1. Run Gly81 past the list (1) small (Gly, Ala, Ser); (2) touching a Leu at 6+ places or on another chain (Cβ under 9 Å); (3) on the phi > 0 side of the Ramachandran plot and report the number of the one that doesn't hold.
2. Just one of the numbered conditions (1) surrounded by 14 or more Cβ atoms within 10 Å (Cβ to Cβ); (2) of a type in the set (A, V, I, L, M, F, W, C); (3) at pLDDT below 90 is not true of Leu135; which one?
3. Of all residues in region 50-81, count the ones that are under 26 Å from Pro159 (Cα atoms) and crowded, with 17+ Cβ neighbours inside 10 Å.
4. Would a scan of region 69-77 turn up a residue that is under 13 Å from Leu133 (Cα atoms), touching a residue at least 24 places away in the same chain (Cβ under 8 Å) and part of a loop (DSSP other than H, G, I, E, B)?
5. Look through Ile316, Ile362 and report the one residue that is out of contact with any Pro (no Cβ under 7 Å at 6 or more places or on another chain), surrounded by 20 or more Cβ atoms within 10 Å (Cβ to Cβ) and within 30 Å of Leu266 (Cα to Cα).
6. From the residues in region 246-265 that are crowded, with 20+ Cβ neighbours inside 10 Å and among the β-branched types (Val, Ile, Thr), which one is farthest from Ala317 (Cα to Cα)?
7. Could you please let me know if Val468 is in contact with a Leu (Cβ under 8 Å, 6 or more places away or on another chain) and modelled with pLDDT of 95 or more?
8. Of Cys290, Cys271, which residue is surrounded by fewer than 18 Cβ atoms within 10 Å (Cβ to Cβ) and either closer than 24 Å to Gly182 by Cβ or of a type in the set (Gly, Ala, Ser) (or both)?
Amino acid sequence: QTKMGGVLILSVIFLASLANCQEGILHISDGQTEREFCIVHNHSWTPLAQSLDTAIEYPLVNLTSQLLCNSSGVTPDLVKGKAVVVMRGDCDFSQKALTAQELGATTLLIASNQTLITPSANESEYSKVTIPLALMRYRNFLEAQQVFTGEMQVKLYAPPQAKIDPSIAVMLIIAVMTVALGGFWSGASERDRLGQAHDDGGRGENKAESGELFLYSPLKVVVLVLVMCGMLVLMYYFYNILVYVIIAIFCLASANALFFCFDAVLDKIGCGTIRNWNFSVRSIILASVCIVIAVIWGVYRNEDRWIWILQDILGIAFCLNFIKTISLSNFKICVILLSLLLLYDVFFVFITPFFTKNGVSIMVQVALGPDASGEKFLCPQLPVVMRVPRFSGLAQNLCGMQFSILGYGDIIVPGLLVAYCSRFDVWVNSRWKVYFISCCTAYLMGMIVTFTVMLLSGMGQPALLYLVPFTLITSAVVAGCRGEMRRFWTGTSYEVLDSSREPLLPGVDFSSLALFLML
């Protein structure tokens, strides 16, 4: 069960970087009083005016007693030439919009008791909807009803926002530092292992450190990726059940990862030692702190104002421990794994929209949750992204905090190659760590290209599309220029007695499953 849980969470951490919600403003007045509320829209579907002065004003009709999945119970005379507000649920956004459009409404507002998301639909439906559509909080509409006792006049507009936000730079620093630290940690562990093997007279030369997992077989890498594909499809169809499994596994695995990260730091500064979960005072205190942090995140994970800090701390520990623990034994395995995950990413982002009923890719649907198309669900989102609040945008008291996000997979996948390069520097006694530094630099350049394409296109990007070629090609060029390609390709001398009969995921305790799956 723990192995399946590991593969399950591994299969969903390689999510594409997602676009933020596209927020706008709903201006309501009755000629004397004015109020403004947050709305979320899809500018590529139903664009809004960019300023209050250019927005067209319409009287608002309250149809919150309706879901407007069909026109029954609503007469065209009631809504013709007016903006209407209906409740969210039972059918997708495009069906509500088409019904409102057929009745003659000029604008559709959808009141929601759930988290506001960017409304989306099947690509074929976009061209059919010609009226503005936006989501608003139901509690805001109830507040407006108390403020305005007479007829409400509404305008919808979306002020242009700066495309380049400082949060992107913060995200870039987090990603690069995590990859670099994870790779450095892996190289340091390899140096310690070789030093210990030398002290033992070479008896431990071919044995991996306890708790580490080496991927050495191309067949098993292929099987692993296929299993990940199956798990992601299961998440697509059974999201409302499996999401809670993922959250529980994340809490346990991130607490475990945080423990080992803190433990390594304490060892580095000389604060005692801890081995094999020896129940010393230090280990008990450290484990308690890590568990408390994970539990606090699990309980308050929907508190946007501050919980993102804990999520990023747990996420960084998750990625660091994964990169250090899951070792790719040679460059051949690196090429196979990263290439397959690149295809995995591109297929589930760009190809699957042609097969899904709502035209939304399986990857994006799993990342956003099943209510991304407007159907009636109330499920949490997966904890598989780094989040940094945006510093620019609409007033925070209207729309709350907006985030720039980056999937863990965009850190972990290239990080495994960086870790291999770091270990290879140890094997060849590279004084300047040329492989490690060049691969980290390539990762930085790939991230810059990813963010540039995202800003220019206005759409979230599958970062592996850029990161994998940058890092793989750079590593290969460095090895070729140094005349070490043969050794770089064949890699480590770790041996497995009978690899044909070894299970895909060698038995690891739970803390190592969180070690195989994030540590």
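The values are calculated or read from the model by the stated rules, or taken from the named source; none is laboratory data. Since this is a predicted model, take the numbers as computed values, not measurements. Here Cβ is always computed from backbone atoms with ideal geometry, including for glycine, and neighbour counts include all displayed protein chains.
1. The single condition Gly81 does not satisfy is (2).
2. (3)
3. Residues meeting the conditions: 4.
4. Of region 69-77, the ones under 13 Å from Leu133 (Cα atoms) are none.
Within region 69-77, none of the residues are under 13 Å from Leu133 (Cα atoms), touching a residue at least 24 places away in the same chain (Cβ under 8 Å) and part of a loop (DSSP other than H, G, I, E, B).
5. On the way: Ile362 fails: within 30 Å of Leu266 (Cα to Cα).
From the options Ile316, Ile362, the qualifying one is Ile316.
6. Restricting to residues being crowded, with 20+ Cβ neighbours inside 10 Å and among the β-branched types (Val, Ile, Thr), the top hit is Ile246.
7. On the way: in contact with a Leu (Cβ under 8 Å, 6 or more places away or on another chain): yes; modelled with pLDDT of 95 or more: yes.
When the stated conditions are applied, Val468 passes them.
8. Numbers: Cys290 fails: surrounded by fewer than 18 Cβ atoms within 10 Å (Cβ to Cβ).
Going through Cys290, Cys271 in turn, the sole match is Cys271.
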